[in-house]
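Accompanying notes for the structure given below.
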Amino acid sequence: MKLNTNSNVYTVCYAAVMVIIVAFLLAFVASALKETQEANVANDTKGQILSALGYDKATIDVAKVYEEKVKDNLVENGELKPYDGKFNTTYGSLIKNGELHVFTGTTANGETAYVIPVVGRGLWGGLWGYIAVNETKDKVLGTYFYHESETAGLGARIGEKWFQNQFIGKPIFDSENNVALTVVKAGAAQNDNEVDGVTGATLTSKGVAAMVKDGLTAYKDFLIAQDAAAVDATSCCGACEGNCEEGACQEGECQCKKDEVEQ
């Protein structure tokens, strides 16, 4: 019996078979490439972390440099514990659930740094980034910010170096240990903890400001915790009373030489 290729039944059956075949092929290709895709996303995320540390991810072997320079940790009771689980490429839900990751690393200039992941919301979609802070956890050493779908030439400029480099050297906290680092209207930055936003992208700039504040505030207990490795060796609390250097006494505490403390 000859098939009637002009019939509706034939057309429907043919279309159904083709859809099934194409769906199968797409599923097979997606499955075959899944591991490679995940590896590429992970490598790109590691490159973003390294960018916050001052490396040019376009000119380095990202996987190698990350392995040599960066360690992933979790904050537990204000202290860092090594994280040995699967590398994460997004941190929004983790932060929301109290799983706080901190990357310890060395900057391109050889400084010890802590890298904090931050997430937020811009005008059209999600924002994310990484903020590298110094060993004493009170100033910014570098940043990396990017976006999901901000306007090209406007909000999308948060991904440019000129914007990100404004944060370098900025203090994180005010005198009361509140997160004071922020983004203000373009051209309005005056205080030490302010950076200029992107001209014509007020809502995106506000989104970055909120992301920075909320992100760093989530890590506040870690950032303001006393780090014995970073404390100046000349700092003591009354242990050298009577041996304080001139002008060093403040509110019952004193600064003294390490050997004076040990005597």
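The values are calculated or read from the model by the stated rules, or taken from the named source; none is laboratory data. Keep in mind the model is a prediction, meaning the values are calculated, not measured. So basically every Cβ, Gly included, is an ideal-geometry build from the backbone, and we count neighbours across all protein chains shown.
Listed values, structure above:
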read-out	value
Residue satisfying all of: in the stretch 35-60; surrounded by 11 or more Cβ atoms within 10 Å (Cβ to Cβ) and of a type in the set (D, E); farthest from E160 (Cα to Cα) among these	E38
Residue that is in a loop (DSSP other than H, G, I, E, B), farther than 20 Å from V179 by Cβ and of a type in the set (G, A, S), where the choices are G85, G98	G85
Subset of the stretch 27-50 (residues that are of a type in the set (G, A, S) and at pLDDT below 95)	A27, A30, S31, A32, A39
Options N88, N43: the member that is outside the structural domain of G105 (by TED's automatic domain parsing) and in contact with a helix residue (DSSP H, G or I) (Cβ under 8 Å, 6 or more places away or on another chain)	N43
Flag for S93 being polar (S, T, N, Q), under 17 Å from T107 (Cβ atoms) and either buried (at least 19 other Cβ atoms within 10 Å of the Cβ) or without any contact (Cβ under 8 Å) to a residue 60 or more places away in the chain (or both)	no
Candidate set from the stretch 164-209 (those that are on the phi > 0 side of the Ramachandran plot and either in contact with a strand residue (DSSP E or B) (Cβ under 8 Å, 6 or more places away or on another chain) or among the charged types (D, E, K, R) (or both)); member that is surrounded by the fewest Cβ atoms within 10 Å (Cβ to Cβ)	G187
Unmet criterion (only one of (1) out of contact with any strand residue (DSSP E or B) (no Cβ under 7 Å at 6 or more places or on another chain); (2) closer than 30 Å to L203 by Cβ; (3) of a type outside the set (D, E, K, R)) for T36	(2)
Cβ-Cβ under 7 Å pairs, at least 6 apart or on other chains, the stretch 167-181 side in the same structural domain as Y219 (by TED's automatic domain parsing), far side among the β-branched types (V, I, T) and part of a loop (DSSP other than H, G, I, E, B)	N177/I224; V179/I172; L181/I172
Subset of the stretch 64-85 (residues that are among the acidic types (D, E) and buried (at least 18 other Cβ atoms within 10 Å of the Cβ))	D72
Some residue of the stretch 22-45 being under 21 Å from L141 (Cα atoms) and part of a loop (DSSP other than H, G, I, E, B)	no
